[in-house]
1. Test L235 against the stated conditions and say whether it is in contact with a strand residue (DSSP E or B) (Cβ under 7 Å, 6 or more places away or on another chain), under 30 Å from E266 (Cβ atoms) and of a type outside the set (S, T, Y).
2. Inspect the range 147-165 for any residue being closer than 23 Å to E284 by Cβ and either small (G, A, S) or at pLDDT below 95 (or both) and give the result as yes or no.
3. Go through the residues of the range 152-163 one by one and say whether even a single one is of a type outside the set (D, E), free of Cβ contacts under 8 Å to residues at least 60 places away in the same chain and either assigned to a helix (DSSP H, G or I) or buried (at least 17 other Cβ atoms within 10 Å of the Cβ) (or both).
4. Give me the strands (runs of 3 or more DSSP E) completely within the range 207-296, filtered to those with at least 1 residues that are surrounded by 13 or more Cβ atoms within 10 Å (Cβ to Cβ) and free of Cβ contacts under 8 Å to residues at least 60 places away in the same chain, ordered by residue number.
5. Does the range 3-30 hold any residues that are surrounded by fewer than 15 Cβ atoms within 10 Å (Cβ to Cβ), charged (D, E, K, R) and either free of Cβ contacts under 8 Å to residues at least 60 places away in the same chain or part of a loop (DSSP other than H, G, I, E, B) (or both), and which are they?
6. Quick test for you: out of S33, S68, pick the one residue that is under 27 Å from V230 (Cβ atoms), exposed (fewer than 12 other Cβ atoms within 10 Å of the Cβ) and modelled with pLDDT of 60 or more.
Amino acid sequence: MELFYQAKIGPIGNHIKDEISEYCFENGCLGISEDLDFVQPSLTYGAEINENSENQLLVYFSDKPTLSFLQGFKQAFPNVSLEICEKEQEDWQKLWKKDFKPFALAGPYWIVPSWLKKPEEAERAIEIDPGMAFGTGTHETTKMASTHLLSVMTKFKEPRVLDVGTGTGILAILAELEGASQIVAVDNDVQAVEVARENAEINKMKKIEISGRPLASIEGTFEIVVANIVSGVLLMLKRDLIRTMAKGGFLIMTGILVEEENEFKEKFLESSGLIMVTQSSIGEWMSFVMQKPAQD
């Protein structure tokens, strides 16, 4: 197995980060990563980098850094810690697939990796190959959204469903399997759109329209709107989420931290005209189901 070398540098302040990065690249490093400290004082989406924090740089080399590199670094940055360690190159995609096993999602549905056979105990299977897109179905928010979706689907005959932030397409596929007449799934991540389309094809879906269109461009209304995103984005999209709900329709939202519960509910329900139907939590995450009145 091939080896590579990682240099851990710091913690360092932002004032010296560029100088160290330049020195490393001049001496043959392959790349640099940094763990940044973010702050988000409110639910308003748009976390900012904490410019006053000190962070560690991880610098990667194909060959072991030379003695001259180490001596030059120490001379240029005498007060900065540097540690070299040897790493084995791994095929991360193969290792990840090895750890992705079938599991129960909600109701009779299981998520099954597309390269594995459906377990006998899996009554109904949704085959998924996440590729590089977000969402294998294991996250608490996806489980809650799936459970709520199954429940709300029973209130309509062949409802229209809008899936905002579809990721790998799990919720859109679930909606078609449960009898939705039309499913529009959108995501602003190009990779997610591609992967969701592939997963829809794997599961032989016929009624799902998947695109990267912004929510503001979606016309018409839907009996069920589901948005598995994050709290700040949900608040940013509030107006269009409500606009796309049919009268008497439901909005399923997940991606809200438990600690944000009261603030989020207050901000989202304010002047919305929506009725809170139910809410649930798993671990540190919350979900909400709201309904638009059938009559104004």
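1. no
2. Within the range 147-165, one or more residues are closer than 23 Å to E284 by Cβ and either small (G, A, S) or at pLDDT below 95 (or both).
3. no
4. On the way: elements: 208-211, 222-228, 245-257, 275-282, 285-291.
Here the list reads 208-211, 245-257, 275-282, 285-291.
5. Across the range 3-30, the qualifying residues are D18, E19, E22, E26.
6. Working: S68 fails: under 27 Å from V230 (Cβ atoms).
Answer to the selection: S33.
The values are calculated or read from the model by the stated rules, or taken from the named source; none is laboratory data. Quick caveat, the model's predicted, so the values are computed rather than measured. Because the Cβ atoms are built from the backbone with ideal geometry, glycine has one as well, and the counts that use them run over all protein chains shown.
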